[in-house]
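Accompanying notes for the structure given below.
The numbers here are math on the coordinates, done by the rules we state, and not lab data. None of the values given here were measured: they were computed from a predicted structure. Every residue, glycine as well, gets a Cβ built from its backbone with ideal geometry; the counts of neighbours run over all protein chains shown.
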Amino acid sequence: MFDGTVKAIADAIPLAIVASTPLLLAVQGELAVQRSGIINLGIEGMMLAAALAAAFTAHATASVAAGFLGGIAGAALVALLFGLFVIVLKADQIVTGTAINLLAAGATAFIYRELHLTSALPRLAFDPIVPLAWIVFPVALALLLWNTSFGLRLRAAGENPDAIASSVRSHRALALLIEAVLAGLAGAYLSLGLSSGFAENMTSGRGFIALSIVIFGRWKVKGALAGTAIFGLAAVTQYTLQASSGLSYHLLLAVPYVLTLLILCGVAGRVRAPESLGR
């Protein structure tokens, strides 16, 4: 039985990679914005808005590509609202992010019920998002943050804003734009790639998990990849045990989230966040 379970977990790893793709995109977006000094709890709301916007656009245009662009636009709209309060008006980042999530959850549920998106949506003929999320984007993000003058200034905005006092706002705004693109792709992939449409609260806490993985990964791209892979493996183990053991479904459902808490307990106090994060 044990050998069979191990084999089932190994066989399910490719599926876990696909299923973890939206999470990885969100993690990379949050990493970029936190490096600039912003904690965006509202990433959950960004993904939710993107998922609905992608489904609506794909439904209206019968185009998956247009759907993904719509998802990015939906996330960008939420990012614009968040940036207005946090960057321009200097509102508290945690409070603003929480308010964004509540607003997005209520607004998307209301709009979805009013739109009645019941017909089938176009599907991806092939899936370019997985290799982009796991290979192309991490390499590009690492090069951008650690091998360009722009990346140096962006990280300075999160470490020592006084060093680039004249351009802190612009660099934080650009970091938020990067996050909007990645979170938009994440939300769009949820509704157009992993599902056959939008469902209320379909992000299922991925934004909050992304926040914990950024901490676990010590604000580094390779750490983000490792943390996402661990969470994906935990999810695979959960699904496999549901099929091969008599353990309670609700107990197994909690496995990935318990693992996340254990990881955070293990790294808490041992990592150094950007000095001006959240200020």
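Please identify every one of the chymotrypsin sites (Phe, Trp or Tyr not before Pro) in region 102-188 that sits in a loop by DSSP and has no more than 10 other beta carbons within 10 Å of its own beta carbon. Answer by residue number: Phe126. For region 19-123, the relative contact order works out to 33 percent when only alpha carbon pairs closer than 8 Å and six or more residues apart are counted.
When the alpha-carbon atoms of region 5-104 are used, the pair Rg, Dmax equals 16.3, 54 angstrom. In this entry, region 30-77 is assigned a mean projected area of 3.3 nm², taken as a quarter of its C-alpha convex hull surface. Computed over Cα pairs, the Kirkwood radius of region 116-234 leads via Stokes-Einstein (1.002 mPa s, 20 °C) to a diffusion coefficient of 131 µm² per second.
Peptide packing: for 180-191, 222-233, 66-77, the average count of neighbouring Cβ atoms within 10 Å per residue gives the ranking 180-191, 66-77, 222-233, highest mean first.
In percent, what relative contact order does region 95-196 have, based on Cα pairs under 8 Å that are 6 or more apart in sequence? It comes to 30 percent, rounded to a whole number.
For region 87-157, the convex hull spanned by the alpha carbon atoms encloses 161 Å³ per residue. Pairwise alpha-carbon distances in region 41-173 exceed 24 Å for 46% of all pairs.
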